[in-house]
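Each remark here refers to the structure printed beneath this line.
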Amino acid sequence: MTELPRVQLIAVAGGSGAGKGWLISRLCELLAGRAAHLQLDDFYRDRSHLPPRRRARVNFDVPHAIDWEWAERVLRACRAGQTTHVPRYDFATHCRLGPDLAWEPRPVVFVDGLWLLRPPAVRQLFDLKLYLDAPTALRRTRRLARDVAERGYTAAVVEERLRTFVEPMHDRYVEPQKRWADLVLGEPFQVAELEELARRLWVLLDRAALLPPWMRATFRAELLEMLANHECCN
């Protein structure tokens with residue numbers, strides 16, 4: 001019996017508000033059911049043992065805020081094409097929600113997160129490692145809009161966290177990951193970068209036999225059309 005090609009794992013790292021989720025949603029749309037999206041944010045450690053006021057003072061912008069053991073276990077299961085279980089996290093309360101979700105990978109799995117490229121054991125699991133490099137002011141604007149609209153924080157709380165935690169920790173832990181990326185995409189995207197993204201993605205699609213060779217030019221054209229003049233909203 002012919003062994004099925006293993007799942008292709010693609011990391012998308014970058015700062016908060018860099019557009020990681022937006023990019024992945026567009027690529028999943030382009031791949032039309034062949035791809036799935038996994039978020040490192042789901043693996044934040046549960047803080048339900050702390051009083052709410054203490055939770056609010058925790059620095060969540062450091063790598064050890066993540067349950068890396070669970071995240072690595074899920075990534076290894078995804079890589080093997082196995083159904084796994086993913087925790088659910090509530091950013092308003094900083095607590096996990098139960099029960100965990102059964103999660104089944106697709107042939108291509110995009111994973112986004114602030115620190116995906118830092119742990120060597122996690123970094124080596126990815127077939128392609130991307131880093132999104134967006135200007136500080138743009139990331140701040142997006143983070144403020146998202147946290148107020150989606151996570152229930154006040155603008156004052158978000159501004160305080162940006163100043164005391166997010167920006168200093170970005171410089172310390174997020175930005176240095178560029179050196180481990182296979183490809184750095186600037187904001188706004190440049191055509192040459194998107195050409196290289198299309199090339200690298202096609203290598204993985206070809207490896208997994210997901211699209212016939214004659215579709216390569218079509219795939220490239222559709223990717224460039226989708227991303228070259230984008231309005232990134234995440």
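Taken together, the values in this text are just the output of simple stated rules run on the coordinates, not laboratory data. Small disclaimer: the values here were computed from a predicted structure and weren't measured. All Cβ positions, glycine included, derive from the backbone under ideal geometry; neighbour counts span all protein chains shown.
Please list, ordered by residue number, the strands (runs of 3 or more DSSP E) wholly in the range 1-98 having 2 or more residues that are exposed (fewer than 14 other Cβ atoms within 10 Å of the Cβ).
Values: elements: 8-14, 35-39, 84-90.
Ranges flagged: 84-90.
Residues that are over 17 Å from ALA18 (Cα atoms), surrounded by fewer than 17 Cβ atoms within 10 Å (Cβ to Cβ), touching a Pro at 6+ places or on another chain (Cβ under 7 Å) and in contact (Cβ under 8 Å) with a residue 40 or more places away in the chain: does the range 152-174 have at least one? No, every residue in the range 152-174 fails to be over 17 Å from ALA18 (Cα atoms), surrounded by fewer than 17 Cβ atoms within 10 Å (Cβ to Cβ), touching a Pro at 6+ places or on another chain (Cβ under 7 Å) and in contact (Cβ under 8 Å) with a residue 40 or more places away in the chain.
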